[in-house]
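The values are calculated or read from the model by the stated rules, or taken from the named source; none is laboratory data. Everything numeric in this text was worked out from a predicted model, so none of it was measured. Note that each Cβ is placed from the backbone with ideal geometry, even for glycine, and that neighbours are counted across all protein chains shown. Areas reflect the complete protein model, heavy atoms only, side chains present, ligands, DNA and RNA absent. Shrake-Rupley method; radii C 1.70, N 1.55, O 1.52, S 1.80 Å.
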Amino acid sequence: MSLVINSNMTASRSALNLNRANDLLRKSMLRLSSGKRIINPADDAGGLAVGLKLQSALRRTAATKHNIQNGVSYLQMQDGALKVVGSVLDRMAELKSYSNDITKNEQDRQNYNYEFKELQEQLVELRRSKFNGISLFSTNEFDPDLVKIITTEDGLSGSVDLNRKGLFENLKSKYGADGELNSGSHGSYRQL
C-alpha cells in the first residue's frame with residue numbers, strides 16, 4: 001500500500017505570507033498606538049539605548065529645574081519675611097516717636113509699650129521661620145550650614161550656596177546691637 005501526501009504549495013505560501021503580514025500589521029498598530037518607533041529591543045537596540053539616554057537626561061534636567069525652583073521659593077520666602085520685618089521695624093519706630101510725644105500721658109505710653117513688646121515677639125517668631133524644615137535665618141553669626149542648590153544634571157559641576165545671615169545681625173543701633181532682641185546695653189528689658 002502506498003501512502004500519498006497531498007500538499008498545496010500555493011496555500012502554504014499564502015498562509016505564511018498572511019502570518020507575516022499580520023505580524024507586520026500588529027507591530028505597526030503597536031507603534032501607532034504607543035507613539036514610539038521602537039516597541040521592543042529587537043526593533044533597534046542602538047536606537048533604544050539612545051532613546052533611554054535621552055529620557056534619562058530629560059528626567060535629570062527636570063529634577064534640576066525643580067531644585068532651582070525650590071531655591072527660588074526659599075529666597076522668596078526669605079524676602080517676604082524680611083518685608084514683614086521692615087514693616088514691623090517701621091511700626092516700632094513710629095511707636096517710639098509717639099511715645100516721645102510730650103502730649104501723651106502714661107496710659108498712652110503703656111499702650112505703645114505693650115504694642116512694642118508684641119512687635120518684638122513677632123520679630124523673634126520671624127527669626128525662627130522655616131521653609132520645609134530649613135531655617136530662613138541663621139541662629140549664629142557664622143553659620144556652617146549652607147543652603148545648597150544643585151544647578152546641573154550631574155550634581156557636581158554646578159551649585160549655588162546660600163549663606164544665611166541672622167535676622168538681627170544688621171539691626172544695630174544705639175538701642176541694642178547684641179543680636180538679642182530683648183537685651184540692652186544695661187541688661188534690662190528693652191522698652192520704648
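What number comes out for the charge environment of Asp43, summing +1 per Lys or Arg and -1 per Asp or Glu over other residues with Cβ under 11 Å away?
With Lys, Arg at +1 and Asp, Glu at -1, the net is +3.
Only four residue types carry charge here, +1 at the Cβ of Lys and Arg and -1 at the Cβ of Asp and Glu. Report the dipole size of region 7-109 about the Cα centre in Debye, rounded to the nearest 20.
Around 980 debye, computed over region 7-109.
How many angstrom lie between the C-alpha centres of region 109-137 and region 29-101?
What the calculation gives is 30 Å, centre to centre.
Amide H of Ser159: which non-local residues (sequence gap of 5 or more, or other chain) have their own amide H closer than 5 Å, using H built in the peptide plane?
Residues meeting the amide H criterion: Thr151.
Considering only Asn17, Ile68, Ala49, whose Cα is most displaced toward the positive end of the charge dipole of region 1-68, charges sitting on Cβ of Lys, Arg (+1) and Asp, Glu (-1)?
The listed residue farthest towards the positive side: Ile68.
How large, in percent, is the carbon and sulfur part of the accessible surface of region 1-143 at a probe radius of 1.4 Å?
It is 56 percent, rounded to a whole number.
Rank-order 10-17, 104-111 by packing density, defined as the average count of other C-beta atoms within 10 Å over each peptide's residues, highest first.
Output ranking for 10-17, 104-111: 104-111, 10-17.
How much area per residue is accessible in region 45-101 when the probe is 1.4 Å and only protein heavy atoms are counted (Å²)?
For region 45-101, the per-residue accessible area is 65 Å².
Need one value: the accessible area of Arg128 in square angstrom, 1.4 angstrom probe, rounded to the nearest 10.
Estimated to the nearest 10 Å², Arg128 gives 150 Å².
Highest mean first, what order results for 84-95, 46-57 on Cβ atoms within 10 Å?
84-95, 46-57
List the lysines whose Cα sits under 21 Å from the Cα of Lys104, skipping any in the same chain fewer than 8 residues away.
Candidates past the 8-residue exclusion: Lys96, Lys117.
List the residues whose amide H sits under 5 Å from the amide H of Lys165, counting only those 5 or more places along or on another chain, with H placed 1.01 Å from N in the peptide plane.
For Lys165, the qualifying residues are Ser138.
Could you derive backbone 3J(HN,Hα) for region 107-119 from the dihedral phi with the Karplus parameters 6.51, -1.76 and 1.60 (θ = phi - 60°), listing whole Hz in sequence and x where the residue is Gly or Pro?
4, 4, 5, 5, 5, 4, 5, 4, 5, 4, 5, 5, 5
Filter Lys65/Lys130; Lys27/Lys53; Lys65/Lys148; Lys27/Lys65; Lys83/Lys165 down to the pairs with a C-alpha to C-alpha distance above 26 Å, please.
Table pairs above 26 Å Cα-Cα are Lys27/Lys65.
Run the Debye formula on the Cα coordinates of region 77-150, all scatterers equal and no solvent, and tell me log10 I(q)/I(0) at q = 0.12 1/Å.
The calculated log intensity ratios at q = 0.12 Å⁻¹ are -0.46.
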